[in-house]
1. Report, by residue number, each residue of segment 194-213 that is part of a loop (DSSP other than H, G, I, E, B) and exposed (fewer than 15 other Cβ atoms within 10 Å of the Cβ).
2. Kindly provide the set of residues from segment 29-61 that are closer than 19 Å to Val262 by Cβ and in a strand (DSSP E or B), ordered by number.
3. Quick one: which of Ala121, Ala127 is in contact with a strand residue (DSSP E or B) (Cβ under 6 Å, 6 or more places away or on another chain) and in a strand (DSSP E or B)?
4. Any idea which of Gly264, Gly226 is surrounded by 20 or more Cβ atoms within 10 Å (Cβ to Cβ), touching a residue at least 24 places away in the same chain (Cβ under 8 Å), at positive phi and touching a Phe, Trp or Tyr at 6+ places or on another chain (Cβ under 9 Å)?
5. Being at pLDDT 90 or above and of a type in the set (A, V, I, L, M) is the filter; apply it to segment 67-85 and report the residue that is surrounded by the most Cβ atoms within 10 Å (Cβ to Cβ).
6. Restricting segment 449-490 to residues that are small (Gly, Ala, Ser) and either surrounded by 18 or more Cβ atoms within 10 Å (Cβ to Cβ) or within 15 Å of Leu426 (Cα to Cα) (or both), which is farthest from the chain's Cα centre (by Cα)?
7. For segment 7-22, does any single residue satisfy the condition of being under 44 Å from the mean Cα position of the chain (by Cα) and among the polar types (S, T, N, Q)?
Amino acid sequence: GLTVTISGNVGIGDATLNFEDNGPQTATTASDGTYSLTVPYNWSGTVTPSRTDYTFRPASRTYPNITVGGTNQNYTAAPDTKTTGSVTLPGYTFTGTLTLPSGWLDNTTIRAKFVGTSSPAAINAGALSNDINTCGDWIAAASDEIITTTWDVGGEGANKPVSLCLRDVNNQEATVVTGMVNVDLTKPISTMTALPAISPANISLSWSGSDALSGLSTYDVQVRAGLVGGWTDVLSSTTNTSTNYTGANGLTYYFRTRANDVAGNVGDWPPDYADYDTFTVVDANAPTGTVVVNSGVANTNETGVILTLSASDSGSGVAQMSFSNDRSSWSAWESYATSKVWTLSFGEGSKTVYVRYKDNAGNISARFQDDILLDVTPPVGSVTIAPVIAGMRESASAPTPQVGASSTQTFTVYLPFIFKSQLVNLHLTATDDVSGVGGMLISNNTDFSGANWEVYTSQKSWGLIGTTVYVKFRDNAGNVSPVYSATYTP
């Protein structure tokens, strides 16, 4: 038939594990303390370790209808404590050795052993006491006879005294030796740190506990998906106080913990009316989004830019955002907004801004990015004026002598044109190493009054007024050059 295996370590070799399976059964630990038991599927029973002069904690483990094998079903083994003493009174001497369990116990009823002698008369009984003066029931014992018995120490506490009384055949009595035991009857308590209402798929769990006497030993942590269904182990008999659990998107997970103390007391799970410590809903989907630098323009001449941001999340909603210029160093998380002032990295050239978004569950998006060209250096250039040929026009009258005419004569004379403006050819040169030259501004006036920016070209016909033309160049990032000029000499 089907079987399950229980295994672990009891801390010492050659120990015996006792259990029932169609009658008493035993198994012996290996030299390193490990053991393995095979029992029928759906078996119920108790496993109890033992070895002479050793105490095990926990004293036993009970398994109700197990269908899944258990590993790390561990025990700790501690050697019993032997205390020897003697008492000499007028006419006789008693000597005895009392063996008591060491460490912390979870029961007031203990296992004790004693052996004694007396002289000149032989002993005939021994007894145990909790207060040195009042001995309990006498147990028949001969000299050097090892007696094993049980004794109730009366209550919990540290260093509770247990004394050995001896009596000889002449009914002379003496309290010979006193040993100590530690008893802890109180279950430890534990609780889990409350989870947020919504968590990412990788759920971070933590818990804590306390125990007044023997101290905490281990924890058990369990999970259940939904309000119905069975609990399953996340961790069993662990000394950890935190772990991660991976859940599925959209499901609600409930968690609970209990503590175990050094004495072997097992804490309670949360009560039935709220049989969990904390719960959370899993949102496993990260946000998506975009980033646009300076409304999508190709160039800028300032390191300060405006980011336009957009993000969405189908589960818990977008909560925060973080930025980087190099995908390595990221700014601190801040509340999500649709606009952000950001500073580009040092130096001219193509710049990339990265953004990532985080939702209320803690899921972090992929990186989103946008590029812009940073150019902070104005273009350089020059202008020259090509020579032109002047025209002629009729401009005044002068007398032409006529034979036999009257003294008043009309005549015409031709003079060179007097220009108000002259049509010239401008030769323009400009360069920009980053964003390129985009425009130029030309004027006959030093203050460029009335001038308008136009697309940069290398030649232009220009109506020159006066003798000097003035030019400025602008690159595609908006940087404006110094003023360049040229003077025309006819």
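1. From segment 194-213, those part of a loop (DSSP other than H, G, I, E, B) are 194-197, 200-201, 211-213; that's our starting set.
The answer is Ala194, Ala197, Ala212.
2. Of everything in segment 29-61, those that are closer than 19 Å to Val262 by Cβ and in a strand (DSSP E or B) turn out to be Thr48, Pro49, Tyr54, Thr55, Phe56, Arg57, Arg61.
3. Values: Ala121 fails: in a strand (DSSP E or B).
Going through Ala121, Ala127 in turn, the sole match is Ala127.
4. Gly264
5. Ala77
6. Within segment 449-490, the match that is farthest from the chain's Cα centre (by Cα) is Gly466.
7. Going residue by residue through segment 7-22, those that are under 44 Å from the mean Cα position of the chain (by Cα) are 7-13, 15, 17.
This time we only want the ones that are among the polar types (S, T, N, Q), so: 7, 9.
Yes: one or more hits.
Residues checked against (1) surrounded by fewer than 18 Cβ atoms within 10 Å (Cβ to Cβ); (2) touching a Lys or Arg at 6+ places or on another chain (Cβ under 7 Å); (3) acidic (Asp, Glu):
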| residue | (1), (2), (3) |
| --- | --- |
| Trp330 | yes, no, no |
| Lys340 | no, no, no |
| Thr343 | yes, no, no |
| Thr352 | yes, no, no |
| Ile364 | yes, yes, no |
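The values are calculated or read from the model by the stated rules, or taken from the named source; none is laboratory data. None of these values were measured; they are calculated from a predicted model. Note that each Cβ is placed from the backbone with ideal geometry, even for glycine, and that neighbours are counted across all protein chains shown.
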